[in-house]
Amino acid sequence: MPYATLTSPHQSVEESNNPSVVAGDTAGGFHEEGGVWGKDASGSTLVVPAVAGPVADPSNKEHAHITVENPANQSLGGRRARVDGKWHIHPKASMRKGDVTYTFDRSPSPRNRSNASYGINIVVGAQNRQVYFYTNSQIVGRISLDKFLQQ
């Protein structure tokens, strides 16, 4: 994986943890960030962050979501010739309702796995700082975010 690809999930964790006007997340930690990477027409590595997903409520079964193929920078997105992988962040916030504390999923959800359409699919759990690699049927690897950045 190209170095820019390694640093992008870390940057997305920071963005997910902070307030976002685009997402409507005034507190931070209640929305997903992510993107895709691949090659442009000349064969150069291209990392394309996505528009932030909308603010979400962890008590809702649908939880948070993002469309990683929706580029935050349309001109950058227009340069994609090939997509090799995608990443997105599962937010870290929690919410207490009555006696129950709700959190977002940390690992890839069944919905994530059913949408695993690229060679490399990554979810980062912002709360536990774990990086998960997955296919449409299973989690194939896991590493701490700190170790991931050292690769």
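The magnitude of the dipole of region 3-150, with charges of +1 and -1 set on the Cβ of Lys/Arg and Asp/Glu and taken from the Cα centre, is near 360 debye. Scalar couplings 3J(HN,Hα) for region 112-118, obtained by applying the Karplus form with A = 6.51, B = -1.76, C = 1.60 to θ = phi - 60°, are 4, 5, 5, 9, 6, 9, 10 Hz; x denotes Gly and Pro.
Take every DSSP beta bridge whose two residues both sit in region 3-150; close to 80 percent of them are antiparallel. For the chain, modelled as a Gaussian network with Cα springs under 10 Å, which listed residue fluctuates most, Ser137, Ser109, Ser42? For the chain, modelled as a Gaussian network with Cα springs under 10 Å, the answer is Ser42. The candidate values are [x] 113; [y] 100; [z] 178; the one derived from this structure for volume of the Cα convex hull per residue in Å³ carries the label [y]. Comparing Pro58, Pro110, Pro91 in a Gaussian network model of the chain where C-alpha atoms under 10 Å apart are linked, the largest mean-square fluctuation is found at Pro110. Just to confirm a number: summing +1 for Lys and Arg and -1 for Asp and Glu over residues other than Tyr118 whose beta-carbon lies under 15 angstrom from that of Tyr118, what do you get? So the surrounding residues net to +3. Counting lysine pairs in region 3-150 whose alpha carbons fall under 22 angstrom apart, excluding pairs fewer than 8 residues apart on the same chain, gives 5. Highest mobility in the GNM of the chain, judged by mean-square fluctuation with C-alpha springs under 10 Å and restricted to His63, His90, His31, is found for His63.
Here, each number is a calculation from the coordinates, and none is a lab measurement. Just so you know, these numbers come straight off a predicted model, no measurement behind them. All Cβ positions, even for glycine, are placed from backbone atoms using ideal geometry, and neighbour counts span all protein chains on display.
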